[in-house]
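S.K.: Pasting in a structure now, in structure tokens, and then I'll have a few things to ask.
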């Protein structure tokens, strides 16, 4: 007896006959939370099995952390012992979910009773057994329910007609009441800690514009200010963006400052890289005086919000040699035997203008706290979104701690990970708490590459924690495709980013002005990169893509299908240069079909093939596709249809699919 | 500072920069052990990642439970941050394995040093940094190693030539020593409890024969005894079986005994079902006096072992109404309001001769202990293998407790689960501890069905815990295929079971005598089933398959490829009635190729296609296939070859593939 209790099974667990396994979603056995957005419905599935043939009851439990009470919804069996239940997450923050299940002895008994009656067997004793079950539950139920149950038990045990007793035994209200007070000793609780992080909707659907504030001055050659940036706001909002991301705005180091085009030695007039953070004027909590004051910044953030633009800041945890930390906290850096600080390097490359922090310092707790204070400081200035520079070069645990700690108090704040690194490290960072992630989109150009990569991101478990943000260019990445494809290449990559991803961003005005010259052949660096000098952009250039971008972003805003990543399907089209895919709104009402010519140089045509059934289209009826880019409407029939795209005119169709609802040949009748 | 330590990360974990995830094998996040057999090598893979670009060191740890010390083998990187390591399990019982990894700062430094030297950079300070690393490890290392390390440090800091210093810095012996004493504060230990159950080899590779002892008498109509069974041993061993499984051998109940063909009322002479366990003469720890004494049984077990036959007993935890437990432990049964015990039922079906135990009784601990004592009792009589009847109708926790408890003291004992139930329940029972499992093989007949099912069992995670035992028939299952296919059908199903599964079994002599008459059309029950009456079998019938079975089992014994389940590949063959597959020994030396005609009525022919590269065959050279069943040898050339099988002659080929090793046309030169 002793062994029985002590060694393998404590008595509590042993009697719980139902097992729960194969829970989805569940990341790494519950080690990491899944991600959702405010208002999402969460569907949970599990294998729920018991010995024998008894009827099972199962519930999905959920609560908002830290202190809301548990709520329960009943789960339903699908097939093959798979069960499903769902609930809605209505508030920002952290939720927990759990599952519980038990053998429902009363419903098992009801089922057997019915079969015995059907087979003409005597059920007199059987009815007494049922009355026994009811009496047992009566003992646990509150008064009113107990009284009701007692009445049913009396009927089953009484002298009434068999028909009356059977009707009572199978009464739905009795079944319901009996199900409400299960014997807690026999309930199996799924014992993993499953968490949900509920982010703002913008973490799922966002449209980013990156811009160097110092290049916003009205006059060429002058250092731009936050005031200049304010003047630029209508232009950016007019293109339909909702996040305006600025590279670091802090004082820039002087020591070992890089010159134009990353020259190792700077000229006196050179402004240096904004990522070489810190100078006499301050470090991570200061603004570069040439941009303005902290108050100017706050004013700018507020003005941006008025035109529905959230300002996103760059978090780059590294310093210039002139950063005040170097003197104030020498222990936060790694010193070499010659009493110099180890600058950033990736041998044989050297980044002498940047000192990495030593995350392995014995004073690590002080260092971590200070970085959290940096984030809190900017939150206090009104910032809600942070783009984190190279998070993969800082410890994973640091990010998990920082982000979860910040989000505890500010669940509306979110972080974008700029980790262009190995896949496992990228995914790990997302699991640890980053709400959005840069990814390999910039280097996925062919139909095969795009299909494979986006399928991995949107149709596998990855989607539970990794929200891609697709960037066709960044200040560090001018992809070869854009260098050689001309204006059509920019349009193609824009349409792909904006329709394959619910979140995407561009680095402007380089993007809308189709800047395409690399520093040297084979390089992905921009020539005369804005990272090292002030630029003056002619944003009114008639060749600008700003109107095209505005149109694409309006299409995104007006079509729910383009605002989430989960419902993306690729369809066959018999030309390798054409890619065809569709996205669906969750309710299925909004269907957007894209056809993109991946060849920026030549007209390409091909036959695509649509799964009419899946799209809810009647194969015997025509249906309308309405190009939201060019406003053309086509009447198609059947699954196979021909499309042709001239990249010089328009390299893509963004069709809204309209099912025919009346037979008249009147386009207004397509929904 | 306080929050940092208290809330999210204890300081110990925070500084461990390496993360370990995606470990394989690992069942349900470590909830269940994986299974191996004595002598197996276990290969473990994991994603091991750190921030930045530092060099990682990783080790696979393992130990035999409960008290052997941990052993370590180093893991090697594969690609994409995937690492691999392996070790051998040499003893029966339970092992644990774990993984640990850390950033190897010294090797990171060596790599950087080499790159800087290659780029012609000054490394004077760099060498001092290296000396610092060595000094640090010196402080942790034992005396002898510390002295050696000190010498190297001196060279790096000394006045010697650069070349000499570099040679010392990159010295493999230094690298090795430095790797042996990592700073334990920074080592990441994978924190799941991963266990291995190491079973005897027979749990992986076994050949079962089921037989009713009472039908073994030399004279028709007489109740067989263990002595009669002893006389039958050479016959069974002669066919090449190594497990002899007996249905329950206990006294059989009289109350509500079933008659022949499961008649509800028995004639006085009827012997009843052996699964109606318990009578005046005793229960689960007694033998039916008609079979002999307990001593006779032990003698029989010993005699069987002399001809390499392990006797497997049936464990059926249920009683007849006459079982002594009913009076001694009324609380172990479920009583109805009319003071009768609830007999087994699956409404509307009734099994009045059988009382199930009430596993939900308040006295469950007493009941569970008693069942363990039953198993221990038979272990004491010499039994090592148990076939468990309907385990899926008893609580899952019960089996987990029972089996792990028994195997703690008797790691050579193993259990076969007879759970013909829903897939999730079958798999769960295997995870909980059953070493072998009945499965759906009896109902998988077509090429598509066999390919799909065996691929699921042998090529997915299922194989880590579920070892199928394939039975073409059992006393409960005479599949339709055998009812209508005649003798060829029995040969076909035998070859499939014996070559698709490393473990298989037949219910004889029904099988070798090709008994094929069902109780009624559409039924899978045998007519005049041995479950309810004594049979007398003419085992010398010239139509018997005994010689064919003996040959197939000899082929299994002589070819390692057929003794494991993991290396099974299906190959294309352009006839739906023909199935082609191969199995490989672990070292790849033994390759067996099967072609089976699934049509028991007609000759079928077709072109098969072999992946020559995978098989190690030169596409330019002929190779020999040697049919181990019929002894024919064919010289094939290239991937496509024609085969034809007449089921009346031989419905299958079991080819041994022989690669050509000399060019002479002499068959002896094929290996």
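The values are calculated or read from the model by the stated rules, or taken from the named source; none is laboratory data. None of these values were measured; they are calculated from a predicted model. Note that we place each Cβ from the backbone using ideal geometry, even for glycine, and neighbour counts take in every protein chain shown.
S.K.: Consider only pairs whose beta carbons are under 9 Å apart and that are at least six residues apart or on different chains; among these, list those whose first residue lies in region A:363-379 and is free of Cβ contacts under 8 Å to residues at least 60 places away in the same chain and away from chain B (no Cβ under 11 Å) and whose second residue is surrounded by fewer than 17 Cβ atoms within 10 Å (Cβ to Cβ) and in a helix (DSSP H, G or I).
M.R.: Correct list of pairs: A:376/A:409; A:379/A:409.
Residues are listed down the side, and each one gets a yes or a no for (1) surrounded by fewer than 19 Cβ atoms within 10 Å (Cβ to Cβ); (2) closer than 19 Å to residue B:545 by Cα; (3) touching a residue at least 60 places away in the same chain (Cβ under 8 Å); (4) not assigned by TED's automatic domain parsing to the domain that holds residue B:550:
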{"position": "B:479", "(1), (2), (3), (4)": "no, yes, no, no"}
{"position": "B:483", "(1), (2), (3), (4)": "yes, yes, no, no"}
{"position": "B:493", "(1), (2), (3), (4)": "no, yes, no, no"}
{"position": "B:498", "(1), (2), (3), (4)": "no, yes, yes, no"}
{"position": "B:505", "(1), (2), (3), (4)": "no, yes, yes, no"}
{"position": "B:508", "(1), (2), (3), (4)": "no, yes, yes, no"}
{"position": "B:512", "(1), (2), (3), (4)": "no, yes, yes, no"}
{"position": "B:524", "(1), (2), (3), (4)": "yes, no, no, no"}
{"position": "B:527", "(1), (2), (3), (4)": "yes, no, yes, no"}
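S.K.: Could you grab me the full set of residues in region A:401-419 that are assigned to a helix (DSSP H, G or I) and buried (at least 22 other Cβ atoms within 10 Å of the Cβ)?
M.R.: Across region A:401-419, the qualifying residues are A:401, A:402, A:403.
S.K.: Looking at B:271, B:287, B:311 in this structure, which one is in the same structural domain as residue B:389 (by TED's automatic domain parsing), assigned to a strand (DSSP E or B), in contact with a helix residue (DSSP H, G or I) (Cβ under 8 Å, 6 or more places away or on another chain) and surrounded by 15 or more Cβ atoms within 10 Å (Cβ to Cβ)?
M.R.: None of the other options fit; the residue is B:311.
S.K.: Mind checking whether some residue in region A:139-150 is under 55 Å from the mean Cα position of the chain (by Cα), closer than 14 Å to residue A:110 by Cβ and crowded, with 19+ Cβ neighbours inside 10 Å?
M.R.: Taking every residue of region A:139-150 in turn, none turns out to be under 55 Å from the mean Cα position of the chain (by Cα), closer than 14 Å to residue A:110 by Cβ and crowded, with 19+ Cβ neighbours inside 10 Å.
S.K.: Between B:587, B:599, which is under 30 Å from residue B:443 (Cβ atoms) and out of contact with any strand residue (DSSP E or B) (no Cβ under 7 Å at 6 or more places or on another chain)?
M.R.: So the residue among B:587, B:599 that is under 30 Å from residue B:443 (Cβ atoms) and out of contact with any strand residue (DSSP E or B) (no Cβ under 7 Å at 6 or more places or on another chain) is B:599.
S.K.: Regarding residue A:543, is this residue surrounded by fewer than 17 Cβ atoms within 10 Å (Cβ to Cβ) and in contact (Cβ under 8 Å) with a residue 40 or more places away in the chain?
M.R.: For residue A:543, the condition - surrounded by fewer than 17 Cβ atoms within 10 Å (Cβ to Cβ) and in contact (Cβ under 8 Å) with a residue 40 or more places away in the chain - is met.
S.K.: Tell me yes or no: at least one residue of region A:17-26 is in a loop (DSSP other than H, G, I, E, B), in contact (Cβ under 8 Å) with a residue 12 or more places away in the chain and at the interface with chain B (Cβ under 8 Å from one of its Cβ atoms).
M.R.: Within region A:17-26, one or more residues are in a loop (DSSP other than H, G, I, E, B), in contact (Cβ under 8 Å) with a residue 12 or more places away in the chain and at the interface with chain B (Cβ under 8 Å from one of its Cβ atoms).
S.K.: How about region B:291-308: which of its residues are in contact with a helix residue (DSSP H, G or I) (Cβ under 7 Å, 6 or more places away or on another chain) and either over 26 Å from residue B:202 (Cα atoms) or in a loop (DSSP other than H, G, I, E, B) (or both)?
M.R.: Listed by number, the residues that qualify are B:291, B:292, B:307, B:308.
S.K.: For the subset of region A:67-82 comprising residues that are loosely packed, with under 10 Cβ neighbours inside 10 Å and away from chain B (no Cβ under 14 Å), which member is nearest to residue A:22 (Cα to Cα)?
M.R.: Per the criteria, the residue is A:69.
S.K.: Filter region A:151-185 for residues that are assigned to a helix (DSSP H, G or I) and either under 43 Å from the mean Cα position of the chain (by Cα) or on the phi > 0 side of the Ramachandran plot (or both) and give the result.
M.R.: Across region A:151-185, the qualifying residues are A:172, A:173, A:175, A:176, A:177, A:178, A:179, A:180, A:184, A:185.
S.K.: Given the criteria loosely packed, with under 15 Cβ neighbours inside 10 Å and away from chain A (no Cβ under 13 Å), does residue B:165 qualify?
M.R.: No; evaluated as a whole, the condition is false for this residue.
S.K.: In this structure, is residue A:549 in the same structural domain as residue A:472 (by TED's automatic domain parsing) and buried (at least 22 other Cβ atoms within 10 Å of the Cβ)?
M.R.: It is true that residue A:549 is in the same structural domain as residue A:472 (by TED's automatic domain parsing) and buried (at least 22 other Cβ atoms within 10 Å of the Cβ).
S.K.: Take residue B:49 and decide whether it is within 12 Å of chain A (Cβ to nearest Cβ), under 14 Å from residue B:192 (Cβ atoms), part of a strand (DSSP E or B) and more than 27 Å from the chain's Cα centre (by Cα).
M.R.: When the stated conditions are applied, residue B:49 does not pass them.
S.K.: Could I ask something else about it? What about residue A:230, is it at negative phi, without any contact (Cβ under 8 Å) to a residue 24 or more places away in the chain and either part of a loop (DSSP other than H, G, I, E, B) or touching a helix residue (DSSP H, G or I) at 6+ places or on another chain (Cβ under 7 Å) (or both)?
M.R.: No, not satisfied.
S.K.: Take region A:429-449 and flag every residue that is under 18 Å from residue A:571 (Cβ atoms) and in contact with a strand residue (DSSP E or B) (Cβ under 6 Å, 6 or more places away or on another chain).
M.R.: A:447 - this is the single residue of region A:429-449 that is under 18 Å from residue A:571 (Cβ atoms) and in contact with a strand residue (DSSP E or B) (Cβ under 6 Å, 6 or more places away or on another chain).
S.K.: At the interface with chain A (Cβ under 10 Å from one of its Cβ atoms), touching a strand residue (DSSP E or B) at 6+ places or on another chain (Cβ under 9 Å) and at positive phi - does that describe any residue in region B:390-399?
M.R.: Yes, because at least one residue in region B:390-399 is at the interface with chain A (Cβ under 10 Å from one of its Cβ atoms), touching a strand residue (DSSP E or B) at 6+ places or on another chain (Cβ under 9 Å) and at positive phi.
S.K.: Looking at region A:439-460 only, could you name the residues that are closer than 22 Å to residue A:37 by Cβ and touching a helix residue (DSSP H, G or I) at 6+ places or on another chain (Cβ under 8 Å)?
M.R.: Matches in region A:439-460: A:439, A:441, A:454, A:456, A:457.
S.K.: Among the residues of region A:409-431, which ones are farther than 24 Å from residue A:247 by Cα and either in the same structural domain as residue A:194 (by TED's automatic domain parsing) or in contact (Cβ under 8 Å) with a residue 40 or more places away in the chain (or both)?
M.R.: A:431
S.K.: Restricting to region B:104-113, what's the tally of residues that are within 8 Å of chain A (Cβ to nearest Cβ) and surrounded by fewer than 20 Cβ atoms within 10 Å (Cβ to Cβ)?
M.R.: Adding up the residues that qualify gives 1.
S.K.: For region A:348-361, what are the residues that are at pLDDT below 95, outside any loop (DSSP other than H, G, I, E, B), surrounded by 15 or more Cβ atoms within 10 Å (Cβ to Cβ) and at the interface with chain B (Cβ under 10 Å from one of its Cβ atoms)?
M.R.: Passing the criteria: only A:350.
S.K.: If you go through region B:314-347, how many residues are free of Cβ contacts under 8 Å to residues at least 24 places away in the same chain, over 33 Å from the mean Cα position of the chain (by Cα) and surrounded by fewer than 16 Cβ atoms within 10 Å (Cβ to Cβ)?
M.R.: 10
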